[in-house]
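The values are calculated or read from the model by the stated rules, or taken from the named source; none is laboratory data. Since the model is a prediction, treat every value here as computed from it, not as a measurement. Don't worry about glycine lacking a Cβ; one is built from the backbone with ideal geometry, like all the others, and counts go over all protein chains shown. Heads up: the accessible areas ignore ligands, DNA and RNA and are worked out on the full protein's heavy atoms, side chains in. Shrake-Rupley method; radii C 1.70, N 1.55, O 1.52, S 1.80 Å.
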Amino acid sequence: MLLPKKYQIIILASILVILSLVMVSYSVKHPEKSGFFRRLVLATVAPLEGMVNASIKELGDLWTRYIFLIGLEEENRNLKKRNDQLRGRVIQYQEGYLEAQRLRKILELKEQIKYRTAVANVLGRNQFLSSRTIVINKGTSQGILVGMPVVSTQAVVGRIIETSWNVSKVLLIIDENSNIDAIVQGNRAQGILQGNGPRGCNLKYVHKMDDVRKGDAVISSGMGGIFPKGLLLGVVTGVSKKDADLFQKIEVTPSVDFAKLEEVMVFLIGKEADR
Amino acid sequence: MRYFFPLLLALLLVVFQITVPDIIFSGKIGVELSLVLVIYAGFYLGFIEGAILSFILGFFLDCLTGTISGLFTLLYGMTFIVAALFSLRVYAEEFSLIAVFTFACSLMESVLIIFFYRLIYGVNMVHDIVSVFIPQALLVGILSPALFKIFHTIEVLLNAGYTKSAERF
């Protein structure tokens with residue numbers, strides 16, 4: 001280029017910043033719309049993520065099953081190998097049994113629920129900086145749309161924030177950007193359940209006069225138009241009241257163990273699904 | 001093909017950084033390898049290719065993690081520009097300088113993330129500065145010299161025949 005290096009940077013900088021700001025403002029105005037390229041990246045990455053997770057699991061298994069045994073006597077090694085083979089088979093059977101149990105629970109839950117639902121497998125977990133999301137193996141082809149609630153057999157997991165053709169991204173309730181209208185089951189005190197990252201969730205805007213105790217269940221209030229009423233969100237694990245504050249500080253531990261989540265169920269409800 | 005592999009590697013890097021450190025640190029802190037690559041691009045790559053790489057890395061990260069589309073694209077673009085301007089004035093080969101600069105960039109990025117979340121969603125993430133963002137910036141700063149070496153090796157491998165950039169090290 002003929003321009004001096006300094007001006008090249010300025011021009012390039014301006015283009016980059018303007019383009020990014022356009023993206024940010026479009027995303028803020030239309031959070032429900034994911035563009036073609038975003039869908040494409042999500043669809044491409046989902047199997048890659050699955051492969052990375054599977055490889056790590058395999059490496060962990062290899063370490064615990066084989067490398068750890070190096071240095072033992074030959075006979076001992078053979079016995080251990082045989083033992084491992086048998087254990088592997090038992091684990092396989094156990095896995096099948098547990099999967100059947102989980103699927104049965106989901107099926108039972110599905111029968112109790114009056115909404116149309118879709119069962120999906122968790123492909124990957126993304127917990128990076130401020131974001132707490134999971135990727136599931138169902139997308140627009142299976143009727144999944146942005147805003148639909150996602151639950152597990154235990155409780156609410158989150159809501160769909162982005163969809164591709166065969167995969168979707170779920171914003172977990174522990175994400176700092178997640179806000180759910182909730183009530184404390186015992187005394188019906190209403191508040192907003194906001195994600196608090198690895199520390200779980202906080203129930204905000206509950207008046208100091210309301211009697212909230214440790215162990216109280218927190219359920220969805222049905223307001224806000226995303227989550228149906230009465231779904232379990234978590235359990236109160238800490239309550240603190242300060243004289244100067246109008247509201248009390250309530251810590252809530254979600255009832256879902258997000259690290260062990262394998263199957264989820266999406267409620268096929270929402271403004272777009274009702275059309 | 002020359003542009004396909006860097007693109008694929010960038011995608012793999014982003015996938016790696018959102019999955020593997022999550023398992024190691026149980027989701028408490030992340031290791032932003034892509035930020036180090038953006039700084040590396042600012043220091044050693046040409047303006048056009050460095051800017052495109054930063055833009056793509058930011059876009060990938062936006063697609064896979066961020067809830068605000070374009071946030072990382074913007075932050076990475078800004079980081080690339082700062083790194084490129086910095087490299088014009090400073091001889092950025094010292095490991096300590098790379099580490100300190102990466103630490104500063106990571107910290108600045110965290111401040112901007114907090115600012116944008118506050119501005120757009122009204123979410124207050126200031127309490128995460130000490131427990132999440134500073135450890136993350138420290139970790140990425142410490143790892144950056146080694147990562148620069150790795151990126152340089154990959155650059156040399158990808159540009160076999162284009163040895164110009166390799167000779168700078």
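Here is the figure for the stretch A:127-168: residues that are open to solvent by less than 20 Å² (accessible area, probe 1.4 Å), assigned to a strand (DSSP E or B) and either touching a residue at least 12 places away in the same chain (Cβ under 8 Å) or outside the structural domain of A:R199 (by TED's automatic domain parsing) (or both) total 16. Scanning the stretch B:103-120 for residues that are of a type in the set (F, W, Y) and surrounded by fewer than 17 Cβ atoms within 10 Å (Cβ to Cβ) yields a count of 1.
Looking only at the stretch B:44-60, which residues are open to solvent by less than 20 Å² (accessible area, probe 1.4 Å) and more than 21 Å from A:V24 (Cβ to Cβ)? Passing the criteria: B:Y44, B:G50.
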